[in-house]
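Accompanying notes for the structure given below.
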Amino acid sequence: MKPMYSRIAGTGRYLPERVLTNQDLEQMIDTTDEWIRSRTGIERRHIAADDQTTADLAELAARQALDAAGLEPEAIDFIVVGTTSPDTVFPNVGCLVQERLGIRGCPAFGIEAACSGFIYALSIADRFVATGGAQHALVIGAETLSRMVDYKDRATCVIFGDGAGAVVLEPSAEQGIISCHLRADGHYKDLLYHPYGVSKQRKPEDTEGPYIHMRGNEVFKVAVRSLESIVDETLAANDLEKGSIDWLIPHQANLRIIQLTAKRLGMPMDKVVLTLKDQGNTSAASVPMALDVAVRDGRVQRGDMVLLEAFGGGFTWGSALVRY
Ligand code: ACO
């Protein structure tokens, strides 16, 4: 018989060793530790070593998630990686991780949805596992966004960091991933973007640098509105009251955005998992890393109702309601 649900069998994360503090940034640009902490909640972020790529980070997070699930790599038959900073255009990071894990044949691909990449990836993998299309899915969010940040632009470089988080999904007759809700609105394409890629390359007359560009204040307002509406939609879709959520695991973009989302849910901040102080905004990696932190320190227990949410460039946003 086909399973009804997928559930999280194990989680993992990897943070590069190199740390960039607010004090380091004070030496590089016109900013202060006080400004960064009060406007964002961030104190430090991790930056990949020069020879470390997104696949390196993703592999280490994946191995931890496999260990936590008690599985050998051969058990994996589906790999999806949310990332906006892949090693190469192709092979995709999923294929690179597959090769490193020594497995062959299963589907392996990337999802490019900026900071919502992990939620998008989780939603796809969930549908495969819950309908019997895969047995054990590896779902990763991994980024080396430091490679596309302008460390002279104080409006963006204080925010982003590198890292990777992963989960393994397995089939379950009991509730696991309960519902996923995905949204996007390309009309906001000019508020947060990287101007160049493959098909659209930089020309000599182009004045914009090959970096992340963000109109932070406008992004902030749409992020708050969109996240409020997606958490309402998630509760309504499952006939749940606000008080039924045990843990909120938000995308770690900005402490003030997280506080406003928590307020909407009527959740005290001690029920919100926060990692951004020490990790900054790691885009697609932030939600699975925060989940792994809370699982490993014992806050998130089996049976808890957990709400994951994210918002990012595109704009894309989404949520996943999970019975851990
Ligand atoms: N240090 C000191 N001053 C700064 C810095 C800095 N690092 N950065 C900007 N400022 C200045 C600005 O120049 C501006 O000065 P002015 O008033 O003289 O013009 C002033 O601070 C206020 O700038 P704002 O942009 O209005 O500051 P705001 O309070 O909005 O904070 C921030 C900026 C932190 C970026 C915030 O807007 C934010 O977090 N936005 C949302 C980011 C987000 O959620 N992104 C989506 C996910 S990321 C992804 O998808 C890849």
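The charge dipole of the chain, taken about the Cα centre with unit charges on the Cβ atoms of Lys, Arg (+1) and Asp, Glu (-1), comes to about 560 debye, rounded to the nearest 20.
With loop defined by DSSP as not H, G, I, E or B, and exposure as at most 15 other Cβ atoms within 10 Å, which is the longest segment of the chain clear of exposed GluC sites (Glu not before Pro)?
Longest run free of exposed loop sites: 18-173.
Among the DSSP beta bridges whose two residues both lie in the chain, what percent are antiparallel, rounded to the nearest 5? List each step's numbers first, then the result.
Values: 37 of 52 bridges.
Within the chain, antiparallel bridges account for around 70 percent of the total.
In percent, rounded to a whole number, the relative contact order of the chain is 26, using alpha-carbon pairs under 8 Å and six or more apart. Taking 250, 73, 91 in turn, the Gaussian network model of the chain (Cα-Cα springs below 10 Å) assigns the largest fluctuation to 91.
Of the residues 117, 243, 41, the one that moves most in a GNM of the chain with alpha-carbon contacts below 10 Å is 243.
When the chain is described by a simple charge dipole with +1 on each Lys and Arg Cβ and -1 on each Asp and Glu Cβ, the residue from 61, 320, 168 located farthest towards its positive end is 320.
From least to most packed, judged by other beta carbons within 10 angstrom and beginning with the fewest, 115, 157, 95 follow the order 95, 157, 115. Using a Gaussian network model of the chain in which every pair of alpha carbons under 10 angstrom is joined by a spring, one finds that among 244, 146, 179 the greatest mean-square fluctuation is at 244. Ignoring lysines fewer than eight residues from residue 277 along the same chain, the ones with Cα atoms less than 30 angstrom from its Cα are 152, 189, 221, 242, 263. Extending 7 Å from the Cα toward the beta-carbon at both residue 152 and residue 201 defines two label points whose distance is 2.4 nm. Other residues with beta-carbon under 13 Å from the beta-carbon of residue 320 carry, at +1 per Lys or Arg and -1 per Asp or Glu, a net charge of +1. Considering only alpha-carbon pairs that sit under 8 angstrom and 6 or more positions apart, the relative contact order computed for region 150-294 is 33 percent.
Go ahead and collect, in residue order, the members of region 34-54 whose backbone nitrogen is under 13 Å from a label point 7 Å along the Cα-Cβ direction of residue 23. The answer is 34, 44. Near the amide H of residue 5, within less than 5 Å, lie the amide hydrogens of 172, all on another chain or at least 5 residues away, with H placed in the peptide plane. If you take all other residues with their beta carbon under 11 Å from the beta carbon of residue 176, and give Lys and Arg +1 and Asp and Glu -1, the sum is 0. Neighbour counts of other Cβ atoms within 10 Å put 194, 251, 136 in the fewest-to-most order 194, 136, 251.
State to the nearest 20 debye the size of the charge dipole of region 1-69 about its Cα centre, where the only charges are +1 on K and R beta carbons and -1 on D and E beta carbons. Please report the intermediate quantities before stating the final value.
On the way: 9 positive and 12 negative charges, 137 e Å.
Roughly 660 debye, rounded to the nearest 20.
Bear in mind that the values in this text are calculations on the coordinates, not laboratory data. Because the structure is predicted, anything quoted here is derived from the model rather than measured. Cβ coordinates were reconstructed from backbone atoms using ideal geometry, including for glycine residues, and neighbour counts include every protein chain displayed.
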